[in-house]
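Just below is one structure, and these are the notes that go with it.
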Amino acid sequence: MNTDIIRQTDKEVADLLDLELKRQQTTIELIASENFTSKAVMQAAGSVLTNKYAEGKPYKRFYNGCKNADKIEELAQQRAKKLFNAEHANVQPHSGAQANMAVFLYAVKPGDTVMGMDLSNGGHLSHGSPVNFSGLYFNIVSYGVDSNGEIDYENVRELALKHRPKLIICGASNYSKIIDFKKFKEIADETGALLLADIAHIAALVAAGEHPSPFPYADFVTTTTHKTLRGPRGGIIMCKEKHAQGIDKAVFPGTQGGPLEHIIAAKAVALKEALSDEFKLYAKQVVLNAKALAKSLMDEGLDIVGNGTDNHLMTLDLRKLNKTGKDIANILEVVGITANKNTVPNDPQSPFVTSGVRLGSPAVTTRGFKEEDMVEVGKIIAEAVKISDTQDSEKLKELRARSLKLCEKYPLYKD
Ligand SMILES: *Cc1c(COP(=O)(O)O)cnc(C)c1O
């Protein structure tokens with residue numbers, strides 16, 4: 001967190017980094033895809049390995065001088081396999097979207113049919129959005145959720161039988177129910193498709209046994225390392241041994257150049273943390289905290305898509321109140337709560353406005369928040385929603401003071 005060395009040569013950047021630290025310390029982070037890494041993860045990400053080129057796989061590189069990078073990448077691979085009980089792990093993808101791109105390159109050809117969850121129903125851009133490579137180069141069939149916010153598996157099966165996709169993707173960026181990986185596998189087998197489970201959001205819950213694992217079922221599992229998993233920004237692909245060589249080639253040289261070995265070192269550190277008993281407690285608390293927040297919001301009379309959550313996130317449904325996700329996310333920022341606007345199922349508003357706000361518990365759980373704190377967070381949100389039209393400045397000040405008090409109860413990155 002110390003920016004002294006940067007400050008010697010670049011005051012502008014040092015000042016902004018200091019301000020960002022302060023922002024993170026003094027606001028309640030409810031963006032479901034964010035988290036706070038350990039200082040050990042940050043030190044690895046800022047380490048000398050940023051200087052190293054290491055194209056290729058450990059012990060089979062195109063550059064010399066890789067002996068330390070080889071061992072570190074091998075550690076990251078071994079830890080990923082152990083954590084998720086996977087046959088093979090490639091820890092080089094620069095991000096979750098890059099991990100998915102490599103799976104596409106290996107598993108399908110341009111023009112092939114791919115099934116994924118629709119973006120506005122909770123899927124991810126890289127699952128076939130028309131503005132993403134996945135939607136541009138492949139024939140996408142999308143499935144969505146019902147009005148309860150749940151995947152209709154019979155509908156997924158019917159679509160798969162009708163369109164015969166080569167690849168089915170399950171996993172989402174905004175889905176609050178348990179994903180039935182076994183059912184997806186049955187559908188994939190019945191229709192002759194390969195199955196990709198993208199656990200970018202729920203990785204920590206899967207690792208800790210708080211969500212069923214896709215591993216006995218999926219051909220490929222992709223994840224990010226920076227969301228619930230609490231590592232550096234990056235991705236991982238895991239797969240069955242029979243796909244290992246093809247997946248490795250699809251990552252490099254297929255879609256990437258040199259791996260980010262400093263980030264891979266940080267992934268190794270985060271994966272070791274994730275293998276600890278403390279991490280299991282964190283994952284359990286993430287779910288308890290999300291449930292406590294959902295209950296608090298509903299007790300205050302607000303609607304939650306699907307009337308609750310089974311994982312780490314939920315979506316506030318503002319349709320009944322005639323309010324927009326954009327306005328509410330903005331007023332939450334004023335009172336010291338960071339969240340993002342998000343579409344709800346069948347949203348009448350555009351993705352830039354939306355009728356929902358996505359709320360997640362991972363980052364505040366890392367900070368130390370417990371259920372009672374989530375109840376207070378729910379009350380602050382409910383009051384902010386109530387006054388969003390009048391923007392009563394006294395009330396806004398009071399709510400900001402309450403959010404700050406919670407932040408001060410759980411100091412972040414203090415030595
Ligand atoms: C966040 C996310 C990704 C992409 O991760 P990036 O690191 O932002 O590229 C992919 N899939 C899902 C389901 C996600 O939620």
- [ ] Multiply the residue gap between Val48 and Lys162 by 0.36 nm, knock off their C-alpha separation, and tell me the result in nm, one decimal place.
- [x] 35.8 nm
Open item on the list: Per residue of the range 84-92, what does 6.51 cos²θ - 1.76 cosθ + 1.60 with θ = phi - 60° give for ³J(HN,Hα)? Whole Hz please, x for Gly and Pro, Karplus curve as stated.
Closed with: 9, 6, 9, 6, 9, 9, 10, 9, 8
Open item on the list: Ignoring solvent entirely, what values of log10 I(q)/I(0) come out of the Debye formula for the range 97-183 at 0.18 Å⁻¹ when each Cα is a single scatterer?
Closed with: -0.73
- [ ] Enumerate the amide H contacts of Ile28 below 5 Å, restricted to partners 5 or more residues apart or on another chain; note that Pro and chain-start residues carry no placed amide H.
- [x] Ile337, Thr338
Task: P(r) histogram, all alpha-carbon pairs of the range 243-306 included - 10 Å bins from 0, percent - done: 17, 22, 22, 24, 14, 1
Task: Under Karplus coefficients 6.51, -1.76 and 1.60, residue-wise ³J(HN,Hα) of the range 360-365 in Hz, glycine/proline x - done: x, 9, x, 5, 5, 5
Open item on the list: Working only with C-alpha atoms, what are the Rg and Dmax values of the range 206-285, expressed in angstrom?
Closed with: 13.9, 40
- [ ] Could you list which residues have their amide H under 5 Å from that of Gly128, counting only those 5 or more apart in sequence or on another chain, with H placed in the peptide plane?
- [x] Ser134, Gly135
Task: Span from the the range 86-132 Cα centroid across to the the range 150-171 one, whole angstrom - done: 16 Å
TODO: Return the tail of the calculated pair distribution for the range 116-258, meaning the percent of Cα-Cα pairs more than 17 Å apart.
DONE: 62 percent
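Could you tell me the relative contact order of the range 209-257? Use alpha-carbon pairs under 8 Å, at least six residues apart, and round to a whole percent.
Values: 33 pairs, mean separation 13.2, N = 49.
The value is 27 percent.
Anything over 31 Å Cα to Cα? Flag those among Lys272/Lys397; Lys284/Lys405; Lys183/Lys295, in the order listed.
Details: Lys272/Lys397 42 Å; Lys284/Lys405 25 Å; Lys183/Lys295 29 Å.
Where the Cα-Cα span goes over 31 Å, the pairs concerned are Lys272/Lys397.
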Task: Residue of Asp299, Asp277, Asp248 that the Gaussian network model of the chain assigns the largest fluctuation, springs spanning Cα pairs under 10 Å - done: Asp277
Task: Selected from Leu83, Leu125, Leu321 as most flexible by GNM, with the chain as the system and alpha-carbon contacts under 10 Å - done: Leu321
Task: Computed magnitude of the charge dipole of the chain (debye, nearest 20; Cβ of K, R +1, Cβ of D, E -1) - done: 900 debye
Task: 25 °C / 0.890 mPa s Stokes-Einstein diffusion coefficient of the range 272-381, Kirkwood radius on C-alpha pairs, µm²/s - done: 172 µm²/s
- [ ] Treat the chain as a sphere of radius equal to its Kirkwood radius over Cα pairs and apply Stokes-Einstein at 37 °C in a medium of 0.692 mPa s; give the translational diffusion coefficient in µm²/s, rounded to a whole number.
- [x] 148 µm²/s
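To the nearest 20 debye, what charge dipole does the range 1-47 have about its Cα centre, counting +1 at the Cβ of each Lys and Arg and -1 at the Cβ of each Asp and Glu?
It works out to roughly 120 debye.
Using helices alone, what [θ] at 222 nm do you get for the chain, with -39,500 (n - 2.57) per DSSP H run of 4 or more residues, divided over all residues and rounded to the nearest 500? Display every interim value, and only then the final one.
Working: 16 runs with 183 residues, N = 415.
Rounded to the nearest 500, it is -13500 deg cm²/dmol.
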- [ ] State which entries of Lys60/Lys267; Lys39/Lys240; Lys57/Lys182; Lys177/Lys320; Lys291/Lys395 exceed 25 angstrom in Cα-Cα distance in the structure shown.
- [x] Lys39/Lys240; Lys57/Lys182; Lys291/Lys395
TODO: Starting at the first residue of the range 401-411, write each ³J(HN,Hα) from the Karplus equation 6.51 cos²θ - 1.76 cosθ + 1.60 with θ = phi - 60°, in whole Hz, x for Gly and Pro.
DONE: 5, 5, 5, 5, 4, 5, 4, 6, 5, 10, x
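If Rh is defined by the Kirkwood formula over all Cα pairs and Rg also comes from Cα, what ratio Rg/Rh do you get for the range 1-93? Could you put the intermediate results ahead of the total?
Working: Rg = 17.5 Å, Rh = 16.4 Å.
Rounded to two decimals, Rg over Rh is 1.07.
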- [ ] Treat the range 169-237 as a sphere of radius equal to its Kirkwood radius over Cα pairs and apply Stokes-Einstein at 25 °C in a medium of 0.890 mPa s; give the translational diffusion coefficient in µm²/s, rounded to a whole number.
- [x] 201 µm²/s
Open item on the list: I'd like the distance between the alpha-carbon centres of the range 293-343 and the range 1-56, rounded to an integer number of Å.
Closed with: 29 Å
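Quick one: dipole size for the range 1-155, taken about the Cα centre, charges +1 on Lys/Arg Cβ and -1 on Asp/Glu Cβ, in debye to the nearest 20.
Working: 15 positive and 19 negative charges, 203 e Å.
Magnitude of the dipole: close to 980 debye.
Bear in mind these aren't lab numbers, they're just calculated from the coordinates by the rules spelled out. Quantities reported herein were computed from a predicted structural model and do not represent experimental measurements. Backbone-built Cβ (ideal geometry, glycine too); neighbour counts: all protein chains shown.
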